[in-house]
1. Taking segment 274-316 as the region of interest, how many residues are closer than 30 Å to Thr454 by Cα and surrounded by fewer than 16 Cβ atoms within 10 Å (Cβ to Cβ)?
2. Going through Ala461, Ala467, Ala481 one at a time, which residue ends up being crowded, with 21+ Cβ neighbours inside 10 Å, over 30 Å from Phe154 (Cβ atoms) and not basic (Lys, Arg)?
3. Residues to consider are Lys486, Lys516; find the one that is modelled with pLDDT of 95 or more, open to solvent by 70 Å² or more (accessible area, probe 1.4 Å) and either out of contact with any strand residue (DSSP E or B) (no Cβ under 6 Å at 6 or more places or on another chain) or not in a loop (DSSP other than H, G, I, E, B) (or both).
4. Enumerate the pairs (first residue in segment 486-505 and among the aromatic types (Phe, Trp, Tyr); second residue anywhere and surrounded by 15 or more Cβ atoms within 10 Å (Cβ to Cβ) and part of a strand (DSSP E or B)) with beta-carbon separation below 7 Å, excluding pairs fewer than 6 apart on the same chain, so at least 6 apart or on different chains.
5. Could you look through segment 247-266, keep only residues that are within 30 Å of the chain's Cα centre (by Cα) and open to solvent by less than 60 Å² (accessible area, probe 1.4 Å), and pick out the one that is farthest from Asn323 (Cα to Cα)?
6. Show the residue pairs meeting these rules: Cβ distance below 7 Å; 6+ apart or different chains; first residue within segment 108-130 and over 19 Å from Ile55 (Cα atoms) and open to solvent by 20 Å² or more (accessible area, probe 1.4 Å); second residue at pLDDT below 95 and not in a strand (DSSP E or B).
7. Any idea which of Ser448, Ser452, Ser502 is within 30 Å of Asn194 (Cα to Cα), open to solvent by less than 20 Å² (accessible area, probe 1.4 Å) and out of contact with any strand residue (DSSP E or B) (no Cβ under 8 Å at 6 or more places or on another chain)?
8. Go through the residues of segment 232-242 one by one and say whether even a single one is over 27 Å from Gly102 (Cα atoms), crowded, with 20+ Cβ neighbours inside 10 Å and touching a residue at least 24 places away in the same chain (Cβ under 8 Å).
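The values are calculated or read from the model by the stated rules, or taken from the named source; none is laboratory data. Owing to the predicted nature of the structure, the values given are computational and were not obtained by experimental measurement. FYI the Cβ positions are ideal-geometry reconstructions off the backbone, even for glycines, and counts take in every protein chain you see. To get the accessible areas, we keep the full protein, side chains included, count just its heavy atoms, and leave off ligands, DNA and RNA. Shrake-Rupley method; radii C 1.70, N 1.55, O 1.52, S 1.80 Å.
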Amino acid sequence: MIMKRILSISLFSILAVSLSAQETYENAKFAGEDLNGTARYVGMGGAMDALGADISTIGTNPAGIGLFRHSTANVSFGFVSQQGTESFANGNKTTMSFDQVGFVYSHRAGHSSFVNVAFNYHKSNNFDFILSAADALSGASQNKLSYMKGAEGFFDIYNQNGTYVSGDNAFNQVDYLYYNMLLADDNDGNFYYNDASSYMFNRANTGYIGEYDFNLSGNVNDRFYWGVTFGISDVHYKGYSEYTENLLGAYNSSIGSVLLSDERRITGTGFNIKAGIIVRPIESSPFRIGVSVSTPTWYDLTTSNYTMLQLSNDFNENYGRYNSGSNGEAYDFSLYTPWKFGVSLGTTFGKYLAVGAVYEYADYAKLSSRVNDGYSYDWYYDSYYTNTLSDRQMNRHTRNTLKGVSTLKLGLELKPFENFSVRVGYNYVSPLYEKNGYKDGTLNSPGSYYASQTDYTNWGATDRFTAGVGYNFDNFSVDLAYQFTKQQGDFYPFTSYYGSTSEDNNICSAVQVDNKRHQLLLTLGYHF
């Protein structure tokens, strides 16, 4: 079915908004972290915050570095492979990954006390991921969503030299392309939409967040351990997607297809501070309790996109529209992650068995999108700094879409022989998204205005199963770990829209998608 409606008039252009922020589902890419680091840490499921003496605890409980009594250096690398998918665009299902490098310098400060200095780099987020989904559409389409946003008054449209533009933040880059290429009829000045019979979607994400951690820690009488870490995050993200719909004309006849391709890049830096303590409450027992806290990561980021809409040749033959159109934006924005808190337990049984458990909590409903509101000059330091303010509309949406996340880490290490270790671990991360969360493209927010995609996925809980082995000889160590990660989610190509009448409804169903990954990790170490 094809509908038409004349929309109201506005005199604003697509470039009217100068403030900038980011959308909830885009921001969520920076929420949480992968389980990554040394092979020993990964092999034990990351449950080493109270056990310590592993360089990867520098970013979870910095007091763990205080348990080192000898200087050491490590380097880790391996392979990550996604299960059940095919390579797409620049995304490969199997990639090599450089995951960690660092050192600890341990200095004795008394009979049984130490002061340690450490540095570690690790890949906290590996964005390499391929997502594919396809399904039927009945009485719905992506272009109808753009049409209904205008028809229901979320923004105004003005025909100026054949170009349709808007002055409301709810009007995004996808809407702009559809109104200029598909919806507008130059012959009668009206707007039309087309239903679609089905869609196909593919996306390949690549990139990473690299974490550079600098640590100062100590050991007091082998009973109390403390540590502070200053972290710098380096963001490199690239995503490319293609969304294809098969369009319908009168009497549900096939009239061609439309392809929306989108490339999004996000780069920038952030910083945070982490602190922690570990105590051994009973002098005669190796049992330890750890507590840790991490400030938000304060990100300053730059994002850019190049988005293209293309109509198939057979559609052009029927309707004589433009073959393709494109647009793009680039802007700076700020993002603040929430505080994170952790509690850990650990103990050893002789020299043969170590057991650890960690619980972490972060409320990602408090993920804060910040609007860059110009620059101010500091006369004292002779420099400029960015002014930011909260994007209240988007942050309200984030509070309704994301939620608090609990992470449970369990692990053990068994030494059947003096120089040989066997490790197993389990890691559970509760869902980040509310089950009924959705991408709201009608918000009066710069995050909605600059959006160049309509799809979103509500991912469920994450389960990680790990195992590993290690061998020490002389001053060298070799550790190998395997990690299997699985997660399921509900994918939507666009947000369902319920209009003022049932005829205006634009409803799509969820498609279940999987994220299953295998990681093989090797760590080489040297102890001074």
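1. Number of matching residues: 5.
2. So the residue among Ala461, Ala467, Ala481 that is crowded, with 21+ Cβ neighbours inside 10 Å, over 30 Å from Phe154 (Cβ atoms) and not basic (Lys, Arg) is Ala481.
3. Step by step, each of Lys486, Lys516 is checked, and only Lys486 is modelled with pLDDT of 95 or more, open to solvent by 70 Å² or more (accessible area, probe 1.4 Å) and either out of contact with any strand residue (DSSP E or B) (no Cβ under 6 Å at 6 or more places or on another chain) or not in a loop (DSSP other than H, G, I, E, B) (or both).
4. Phe491/Ala133; Phe491/Thr457; Phe491/Val511; Phe491/Val513; Tyr492/Tyr456; Tyr497/Asn506
5. Checking each candidate, the answer is Ile266.
6. Ser112/Asn221; Ser112/Asp222
7. Ser448
8. yes
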